[in-house]
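Asks: This is the structure I want to talk about, given as structure tokens.
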């Protein structure tokens, strides 16, 4: 597929590509120059839909709100912070 660049520098993204990636009007197109070509990444706009329950099928453990939840969250944050700090130290 080839398209001409418009007078304002605009380029058409082929319908087949938009459909395959699920790109819709209103999405942001992030562009990055890599060597002698351009990479384009599409980001959907923020939405107002709730994500509550979207990961339910993937969870093995359910912790109700309260002290146990607060402890689990605190433990997970500490583990992630230690892993990130360790990665930084190894990169140095």
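Asks: Fully extended, how many nm does the chain gain between residue 32 and residue 81 (0.36 nm per residue separation, minus their Cα-Cα distance)?
Replies: Value of the extension gain: 14.7 nm.
Asks: Helix 67-91 versus the longest principal axis of the chain: what is the Cα-based angle in degrees, 0 to 90, to the nearest 10?
Replies: 60
Asks: Which of these values of semi-axes √(5λ) of the Cα gyration tensor in Å was calculated from the structure shown: (1) 27, 15, 13; (2) 41, 23, 11; (3) 34, 24, 12?
Replies: Of the listed options (1) 27, 15, 13; (2) 41, 23, 11; (3) 34, 24, 12, (2) comes from this structure.
Asks: Let me ask another. Can you compute the helix-only [θ] at 222 nm over the chain? Use -39500 (n - 2.57) per DSSP H run of at least 4 residues, normalise by all residues, nearest 500 deg cm²/dmol.
Replies: Theoretical 222 nm ellipticity from helices: -11500 deg cm²/dmol.
Asks: Any idea what the relative contact order of region 1-46 is, in percent, if you count C-alpha pairs under 8 Å spaced at least 6 apart?
Replies: 26 percent.
Asks: Another question about this same structure. Would you work out the relative contact order for the chain, in percent, from Cα pairs under 8 angstrom that are 6 or more residues apart?
Replies: 13
Asks: While we're looking at this one, here's another question. What does the extension gain come out to for residue 58 and residue 43, with contour length at 0.36 nm per residue minus their alpha carbon separation?
Replies: Residue separation times 0.36 nm, minus the Cα-Cα distance, leaves 3.0 nm.
Values quoted throughout were computed directly from the atomic coordinates according to the rules given, and no laboratory measurement underlies them. If you're wondering where the values come from, they're calculated on a predicted model, not measured in any experiment.
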